[in-house]
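None of the figures in this text is laboratory data; all of them are computed from the coordinates on show. None of the values given here were measured: they were computed from a predicted structure.
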Amino acid sequence: MSTDKETLAAYAAKIDDYVRMTDEAPDDPQLAAFIGALPSGAHVLDLGCGPGWAAAQMAAAGLTVTATDAAPEMVDLASRSPGVTARVASFDDITETDAYDGIWANFSLLHAPRDAMPRHLAALRRALKPGGLFHIGMKTGVGAHRDALGRHYTYYTDEKLHDLLTDAGFTPFSSHTGTDKGLAGTMDPWITIAAHG
């Protein structure tokens, strides 16, 4: 997770709203596909786990889950789910090699500065076992700015994100796009991409 203090403070201030929003969200077909593509017991990383809704579902499905977030308040919530090992960590704290069968980076790396993204993706590729499964979700667009809550976002076009993944050693094989209302109340376009390591 990003260590941007204003972004972390926004999540801490809105944690109850964020938990309610994730609890009320419909089942995520991309998460179901991610879980279904991995064998029971596979070790997965939930990067920027937030309150741990995805980590909890992955653990309930029989996966071995490590969840990380830079916000201690989020890690505290995620760690309450049975089968989830949660720890406070920034994106730069992911230093393992060939450790995970799958990495779920769902709308977390969008908080990273643009110049750091190649470094983060390269580290995640190293942390993923050869042939492992990688999922990334990002808001799409251009530039970077803070939303009404003060959270910093960096936006990418579909093409640029595919290029960054390929440059980091991933092989994208499917993507989905849509538009949804986020915590700040705005309707934002997004893309999710599944790739192999």
(request) Please quote Rg/Rh for region 20-78 to two decimal places, taking the Kirkwood radius as Rh and restricting both calculations to Cα atoms. (result) 0.96
(request) Find how many whole Å separate the alpha carbon centroid of region 135-197 from the alpha carbon centroid of region 79-112. (result) 17
(request) Hand me the tally of lysine pairs in region 5-196: alpha carbons under 29 angstrom apart, and the pair either on different chains or 8 or more positions apart. (result) 11
(request) Report, please, the projected area of region 1-100 averaged over directions, based on the convex hull of its C-alpha atoms, in nm². (result) 6.3
(request) Counting helices only, and only those DSSP H runs with n ≥ 4, report the 222 nm mean residue ellipticity of the chain as the sum of -39,500 (n - 2.57) divided by its residues, in deg cm²/dmol to the nearest 500. (result) -9000 deg cm²/dmol
(request) Would you mind calculating the gained length between residue 40 and residue 159 on full extension (0.36 nm times residue separation, minus the Cα-Cα distance), in nm to one decimal? (result) 39.5 nm
(message) Can you tell me, using C-alpha contacts under 8 Å and at least 6 residues apart, the relative contact order of the chain as a whole percent?
(response) 19
(message) Pick from 66, 186, 171 the residue whose mean-square fluctuation is largest in a GNM of the chain, springs joining Cα atoms under 10 Å.
(response) 186
